1. Among rounded, prolate and oblate, which fits the range 427-498 when a ≥ b ≥ c are the square roots of the eigenvalues of its C-alpha gyration tensor, a/c under 1.5 means rounded, and a/b larger than b/c means prolate?
2. What percentage of the solvent-accessible surface of the range 699-766, computed with a 1.4 Å probe over protein heavy atoms, is contributed by carbon and sulfur atoms?
3. Only Cα pairs under 8 Å and at least 6 apart count here; give the relative contact order of the range 371-530 as a rounded whole percent.
4. Give me the tail of P(r) for the chain as a percent: Cα-Cα pairs with distance above 34 Å.
5. Only Cα pairs under 8 Å and at least 6 apart count here; give the relative contact order of the range 394-463 as a rounded whole percent.
6. Hydropathy at least 0.0 by Kyte-Doolittle, axial extent at least 24 angstrom from the Cα trace: which helices of the chain, defined as entire DSSP H runs, fit?
7. Given a cut-off of 22 Å, name the pairs among LYS12/LYS422; LYS234/LYS475; LYS422/LYS757; LYS491/LYS572 whose C-alpha atoms lie farther apart than that in the structure shown.
8. Over the range 417-563, what percent of the accessible surface lies on carbon and sulfur atoms, probe 1.4 Å?
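The values are calculated or read from the model by the stated rules, or taken from the named source; none is laboratory data. Keep in mind the model is a prediction, meaning the values are calculated, not measured. Here Cβ is always computed from backbone atoms with ideal geometry, including for glycine, and neighbour counts include all displayed protein chains. Ligands, DNA and RNA are stripped out before the accessible areas are found, and what is left, the full protein with its side chains, is counted by its heavy atoms. Shrake-Rupley method; radii C 1.70, N 1.55, O 1.52, S 1.80 Å.
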Amino acid sequence: MATTGWVGRPLKRVEDPRLLTGRGSFIDDHPPVANAHHAAIVRSPYAHARIRGYDLSRALGMPGVAGIVTGADVAQLTRPFSVGVTAPVHYYCAATDKARFVGEPVAVVIARTRYLAEDAADAVVVEYEPLPVVVDPERALDPGAPVLHEAVGSNLAGQRRLVYGDPDRAFKDADVVISERFRFPKYSSTPIETYGVIARWDPLDGVLTIWSNFMGPFIMHPLVGRVLGLPENKLRFIVPPDIGGSFGIKTSIYPYLALIGLAAMKTGVAVKWIEDRREHLLASSSGTDRVAYRELAAKKDGTILGMRYRWLDNVGGYIRSPEPGCTFRPLGNWVGPYRFQNLEVDASVVMTNKSLTGPNRGYACGHLYFETERMIDLLAEKLGQDPADVRRKNLISSDAFPYRTPTGGLYDSGDYGAAFQKALEIARYDELRREQAKARAAGRYFGIGLALAVDPSVSNMGYVATALDPQFRAKPEYLPKSGATEAATVKVDPLGKVIAILGTTPQGQGHQTIVSQILADELGLRPQDVTVVDEMDTFTRVWGISSGTYSSRFGSIGTSAVALAARKLKAKLVLYAAHLMDLSADQLEFRDGAVHAKTGKGASYSIKDLAGRAHWHTESLPDGMEPGLQATAVFGFTVSDAVDQQDRVNSSNTYGFIAEVMAVEVDPETAAIKILRYVTVHDAGTIINPMIAEGQIYGGALHGLGGALYEELMYDEDGQLLTGTFMDYLVPTASEAPTIEIAHVVSPSPFTTLGAKGLGESSSMTAPAVIANAVSDALAPLGVRINELPMTPTRLWALIESAKGAGR
């Protein structure tokens, strides 16, 4: 990619030397808290059981034990978390009346060392009354199913039927109607670093300080404060410089922030808790598993008239914030890249005796596009058309942007047709089809898959309100929610070097590198002239309800805040230079690291010149100018309104595009899937660092392939987790990583300062769909259709054998 500035160059990450030499600063390295004790969590061995009592006598008598917090203490000393639905679900940071999934915290032991805490935790006796269990979301809605929350009266946490356009008319006018049932698995992110929390209570100041590898603070800060009965200015969140991955999963750490915070407040000692891997798989968070029913109405030429979705999203034992985001997060892009206007969505959020859910890379977009892109292939099969042609026919045209979807999404920019065509050309799609014909003639199972997706980023905080009825939202006491903001501060020191202070809590994405590139361009410096401080402290950073790193926010809004702060600073430098030069500001401009006259060869002032004068000779500043060379900017989008009365909302603020082509071969004897070709083309607007972007795409693809082929948090009918270690919960490794051909089409966003969009979710959303389509295409001669993930060898082999037995 040709570039004349620093933005657009594939610079190596400045973070890497620190990380590769073991000098990273993670939560287990922090902080040097005096008299720190350790916590061990007692967890329920039952998926559903009433808690009858506790016997703590033996544990409290063991050496080094400072105290124990039980569910009874939690019920007495804290409030339940606010939830995003009207159903009376009382979710606390530990089980109070009943345990509703295996691994739910029921008590916390605090002791001088972790070993002593673990030993004492084994001595805690909890009296349980086991209850019937349900883990399947469809069975959970049966009249005779065991009810998890008696106050709710059923296992339905929420249900909305949303209608856009006239879907009934679309299905009436259709030449072709197809339907299918899909199942998407419950899987996690398995970050290298598990959850970690350290809490210290200061009774004199009344301040609770919590260190954690949280990717917030955003809305979870006030939630935790409310639960613990603390004003927000008495609750301090600190995040270390390094986080060993998150992918959304660490948004769900907040119950442990409250639990360990309570332990510190109750015992009076600083408390440290580092989650082990089994705890993480058992009880941290995962994406929701979904059962989906899809219908598609189309004309015989392949024009899609409308769709109907019926979803059952399984959120586990409780619904917790930000759920039901699993259902409503992609609302603005529910129609994907296709221009049909008629849509009906019947969405049910169901509670079962599984562990709890939350954001997981792509947050339900993997579910959405697995269903949609499979339906497109089924339509092509029904009509006898090439699946590429059906997609082309229905794509939103390039001259339609900004494009308003029927559900309220505002797609900012794009050329979907060009990106799709580029993917087909790179993959040599026509040659692949010819190769497929030869392979089939030779008895080989060779398939080609396609998948297209709109990639949403920077969520509008108001989207979750779609879970509430319009009548509820219309009440005078209801507080509408909307928006997305991020802040950055840029300072110039006396020698003209720059420090940027962010609060975006990176988890390995290379924020420091990218910000140094942006500021080097904006201020006419070199990246090495910029120091980036990117760690969160809610007492010292500028932040808001939406602040943090999630929903691929940094690429769009974080970079916009940095560039905006730099431009505010440049404007100040121009005003200062104008005063020194006795000229008007409109006669000057900032370029190449200095303030120059717009015309002629007059004097100029470099950043270093101005910085030295401003810091050492403040009397040289013009009247009314605030001393100091720094600027803070809070960037906010203006396209993030609250949900309207027709349940429409622009659920994201920028929308990229992904086009993928994959060729596979399936061994019918072993069900092994070999990826022969994988091409992915992305439109993420302006690409600031191509090397970092490529890393995000590779990571996203492997994440999606993991959920499509290997990963599933599986439970037996008693609610016991069957995949609680990496022996059973399989994840793709470098050996399973395919070669991926990556390309870009750039359509800058008109809504961001640099034209950049998010890229962090990337191919995690399309990989399940593209490989499912490829495998379905490969096994089409047998009549095998992929409608359930993951495609483990065992499951796929059973499908192949069943098809053979049916005489196909």
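1. Values: a/c = 7.31, a/b = 1.59, b/c = 4.60.
In terms of gyration-tensor shape, oblate.
2. Numbers: 1460 of 2580 Å².
Here it works out to 57 percent.
3. Details: 106 pairs, mean separation 16.8, N = 160.
Across the range 371-530, relative contact order equals 10 percent.
4. Working: 170157 of 326028 pairs.
Everything past 34 Å amounts to 52 percent.
5. Working: 34 pairs, mean separation 12.8, N = 70.
Relative contact order of the range 394-463: 18 percent.
6. Long hydrophobic helices here: 365-383, 559-581, 690-709.
7. From LYS12/LYS422; LYS234/LYS475; LYS422/LYS757; LYS491/LYS572, over 22 Å: LYS12/LYS422; LYS234/LYS475.
8. Values: 2800 of 5130 Å².
Using a 1.4 Å probe with all protein chains present, the range 417-563 comes out at 55 percent carbon and sulfur.
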